[in-house]
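Here's the structure, in structure tokens; my notes come after.
What follows is calculated from the coordinates using simple rules that are stated; it is not laboratory data. Only a predicted model underlies this, so the values are computations on that prediction, with no experimental measurement involved. We place every Cβ from the backbone using ideal geometry, glycine too, and count neighbours over all the protein chains shown.
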Amino acid sequence: MNKIITQASLVIGLLAFSTAYAETNSKYALTAKIGTLGVGADLTYGMTDKLNARFSVNGGSISADGEEDGINYKGDLDLLSGGALVDYHPFISNFRLSAGLFANENEFNLDASGSNNAVIGARSYDLSNANLNTQIGFNSLAPYLGIGWGNAVKKGSQWRFSLDAGVLFQGSPEAKFTTSGTVDSGAGAISVNDSLFQNDLDQEEQNLNDELKDFKALPVISLGTSYRF
């Protein structure tokens, strides 16, 4: 019995010591979060009372199907990004200013099929026997600027909540079309590789890129829970 009591006391003592150490000395914290960049995790390192380094990984996928004007749509938004940031707490408080750089693999894919009256370029085409895929990508490197609330490595409670709001400058989206099958503009079926259709497809791609060029910034909002260890 005395041996059990001694072992239990030792375990309790070690737990108390580790908790006290974390409360006073720990400079590391992990954060689980969810937001417009997907589900993610941050590792924070406290450099000074006002300055933290933060490493972030985010990802996820959102799918949606729909139909409009006889065209069947299937869209997938694939999110994948990772970055390094610096958080500055000007008042040694929870409020922070953040800046960093992300490796950005976010992209959007849209498949369209089934329409007998789709306007592409200068002509209307029957796409009943064809599939049109639109892939929209962004710059592979994207700067980030934002503000936030929460200091994951601040002394005190090991558990904290955080909020981030900022902008990821991922550049003008770039759309790329790919097709398969045959199309018909009213003069008989032709391959999607035919120069007539390819010229119209190139024009449609350029029109879409012109429309997307002003969407250079992605709003970023996330909520997280941090644990300091």
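Give me a comma-separated list of calculated 3J(HN,Hα) values for the range 86-91, in order, Karplus coefficients 6.51, -1.76, 1.60 applied at θ = phi - 60°, integers in Hz, x for any Gly or Pro.
10, 9, 10, 9, x, 10
Which translational diffusion coefficient, to the nearest whole µm²/s, is obtained for the chain from the Stokes-Einstein equation, given a Kirkwood hydrodynamic radius over C-alpha pairs, 10 °C and 1.306 mPa s?
So the translational diffusion coefficient is about 75 µm²/s.
Counting Lys +1, Arg +1, Asp -1, Glu -1, what net charge surrounds G35 among other residues with beta carbon under 12 Å of its beta carbon?
Cβ neighbours under 12 Å give a net charge of -1.
Normalised radius of gyration for the range 149-229, please: alpha carbon Rg relative to 2.2 N^0.38 Å, two decimal places.
Working it through for the range 149-229, the quotient is 2.06.
Measure up K27/K216; K33/K74; K74/K213; K33/K216; K74/K216; K154/K213 against 30 Å on the Cα-Cα distance and list the ones that go over. Walk me through the numbers before you get to the answer.
On the way: K27/K216 35 Å; K33/K74 28 Å; K74/K213 23 Å; K33/K216 24 Å; K74/K216 24 Å; K154/K213 41 Å.
K27/K216; K154/K213, as the Cα separations exceed 30 Å there.
Evaluated at 20 °C with a viscosity of 1.002 mPa s, what Stokes-Einstein diffusion coefficient in µm²/s does the range 46-127 have when Rh comes from the Kirkwood expression over alpha-carbon pairs?
After rounding, the answer is 130 µm²/s.
Would you mind checking the tilt of helix 2-24 against the longest principal axis of the Cα atoms of the chain, expressed as 0 to 90 degrees and rounded to 10?
60
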